[in-house]
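The values are calculated or read from the model by the stated rules, or taken from the named source; none is laboratory data. Worth saying up front: this structure is predicted, and the values here are computed from it rather than measured. Cβ sites come from the backbone with ideal geometry, for glycine too, and all protein chains shown count toward neighbours. Accessible surface is based on the protein model in full, side chains and every heavy atom, while ligands, DNA and RNA are left aside. Shrake-Rupley method; radii C 1.70, N 1.55, O 1.52, S 1.80 Å.
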Amino acid sequence: MTMPEAPQTDVPSEPSSDTQRRERIRLRNLRELARQAAAAAATQASQAAASAGGRRWTRRQWAHASLAATAGALLLAIVPGFNTAVDVPRSARLTTLSLALPAQSEVVVPASQGTDWTIVTVEKGQTLGSIFDGFGIPAATMHRLLEHPGAREALTRLRPGAQLGFAFGPAGADGRRGDLQMLRYDRGETQRVKLALEGDQVVETVVERPIEVRTAVVSGKVGRSLFHSARKLGLSGSTINTLTDEIFQYDIDFNTDVAASDRFSVVVEQVYREGELLRTGNVLAAVFTAKGKPFTAFRFEHEGKAEYYNEEGRPLKKSFIRMPIQYARLSSRFGSRRHPVTGNVRQHKGVDYAARTGTPIMAAGDGRVAFKGWRGGYGNTVILDHGRGYTTLYAHMSGFGNIRQGQRVSQGTVIGRVGSTGLSTGPHLHYEFRINGVHRNPLQHTMPEPDPLKGPALAAFRAQTGPALARIRTVEDIIYAQVPSADEDTRVAAAGSGAVTRARARG
Ligand SMILES: [Zn+2]
């Protein structure tokens, strides 16, 4: 994993009173802005937080930031110490405008070089041709631009949300729009291309738009809905799913174990461009307080694989998942019963889960496909060998996953789908768990713990995660200790229109 190193120490800054005055004004402006509009305020807050850069924030500054955050309704803490380099581009003007006017699809933005850009945000179903038509630009001009190397690829596959910039010459005496002089579009995340029509030539200029990865701690309370609250704080849907379905899936049942007052702190990588949040990356660390106790997770790369570990360096991932199927009902337990088809009383050597035909069946643990095919009354069957004498069997499948015999599969891989093949009265999964060939009750047997990190790996893990955990605790301290508890819920509940949300975190 690329967890940043230990927090940087303070970068020397001039202690001049000028600097201090500027800082005071900046903070005051920050608060003023925060009151004005949620969108603008939150954008500024994140910029201001970032401009504090490599310096360590004092508690006071944190308090100021959280004041702004309260007004801007944003519980986001940028953690300066986590970052290696902080270089904040100040040219966020265009970004701010487009954020403030999200409903408008055409905005005239005066740029620094005196070019008046008319920005068009591509809507669903719009083509380059229809946009050019809308401006009354001759088709010949569009074709000239498209003939420029690289332009066709970028411009004929415009996605909704993409932005195009048009610069026109002076309007005619009759008030008609001037001729198109420049077209601007984005190539990937990091390049902005300008095509200027100069005589019969097309001149290309490429502006690099550096991307910056910041590490932030996002902290909040579950409130009425974890998903809702976390989305409001700017975590993407996929980040939230990572927390619930991957990191904490073995320890916390998010349907029953979580209360409104439970809280979470997540250290995530956030990708910024020109001060705007572009998307959210990996969850580097997370603390979830549920059932009155904190569950901690750290992303750590070991033997080429990134996994989540607890504070002690033990993998959070268990050797076996409890149920190899989601959203199913336990319909028959392990033990003696009358067989529903043959009528004989005999041992039921597994457990049955009733589920709809086609429901995905997952590998209960990492293993090798020992058998895939038809096996008498079992119908379509898969047997996995997990090593150390453990095997699992999955029967009555309607079809197989994209697996072949002998292949290694990892836990959670879809190996087949629920069906009713073989001796079966209805769609269900028959699941068997064997240790050294002996059938065991998968619901009762204590699963073997995965091996914890040892030796140098554990030392590296401790070196990386120690500072991260300390940082989370500091942030939680500041966020939760300095405000009366009554306000906390309000802040979380009101966290509706922060910059992060507006910038549409994608992940
Ligand atoms: Zn069964």
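Model label sites at residue 302 and residue 260, defined 7 Å from Cα along the beta-carbon direction, differ in position by 3.9 nm. So who's got an amide H within less than 5 Å of the one on residue 331, skipping anything under 5 residues away but keeping other chains? H placed 1.01 Å off N, in plane. Residues meeting the criterion, in which the H sits 1.01 Å from N, are 352, 353, 354.
For region 287-373, the spread of Cα coordinates along the three principal axes comes to 52, 36, 24 Å, biggest extent given first. When the listed pairs 124/317; 317/372; 232/291 are checked against a 32 Å cut-off, the alpha-carbon distance exceeds it for 124/317. Length gained on full extension, residue 473 to residue 187, computed as 0.36 nm times the residue gap minus the Cα-Cα distance: 98.9 nm.
What size of dipole, in debye to the nearest 20, comes out for region 335-425 about its Cα centre when the only charges are +1 on Lys and Arg C-beta atoms and -1 on Asp and Glu C-beta atoms?
Its charge dipole is roughly 120 debye.
The label-point distance for residue 291 and residue 153, in a model that sets each label 7 Å from Cα toward Cβ, rounds to 5.3 nm.
Over region 367-468, with every protein chain in place, what whole percent of the accessible area is carbon and sulfur at 1.4 Å, could you tell me?
Details: 2400 of 4750 Å².
Here carbon and sulfur together make up 51 percent of the probe-accessible area.
With protein chains left intact and a 1.4 Å probe, residues in region 313-396 average 49 Å² of accessible area per residue. Extension gain, residue 196 to residue 251: 0.36 nm times the residue separation minus the Cα-Cα distance gives 14.0 nm.
Positive end of the dipole of region 163-287, charges at C-beta (+1 Lys, Arg; -1 Asp, Glu), about the Cα centre: which of 217, 260, 240 has its Cα farthest in that direction? Projecting each Cα onto the dipole axis, the largest value belongs to 260.
Note down the net charge around residue 418, summing +1 for each Lys or Arg and -1 for each Asp or Glu among other residues with Cβ under 14 Å from its Cβ. With Lys, Arg at +1 and Asp, Glu at -1, the net is +2.
Taking 7 Å steps out from each Cα toward its Cβ at residue 123 and residue 171 produces label points 2.3 nm apart. Ordered from longest to shortest, the equivalent ellipsoid semi-axes for region 337-474 are 37, 16, 15 Å, each the square root of 5 times a Cα gyration tensor eigenvalue.
If each residue of separation counts as 0.36 nm, what is the full-extension length gain between residue 332 and residue 438 once their alpha-carbon separation is subtracted? Walk me through the numbers before you get to the answer.
Working: separation 106, 0.36 × 106 = 38.16 nm, distance 1.91 nm.
Once the chain is fully extended between residue 332 and residue 438, it gains 36.2 nm.
For region 170-272, the percent of C-alpha pairs falling in each 5 Å distance bin, counted from 0 to the bin holding the largest distance, reads 2, 10, 14, 14, 9, 7, 7, 7, 7, 7, 7, 5, 3, 1, 0.
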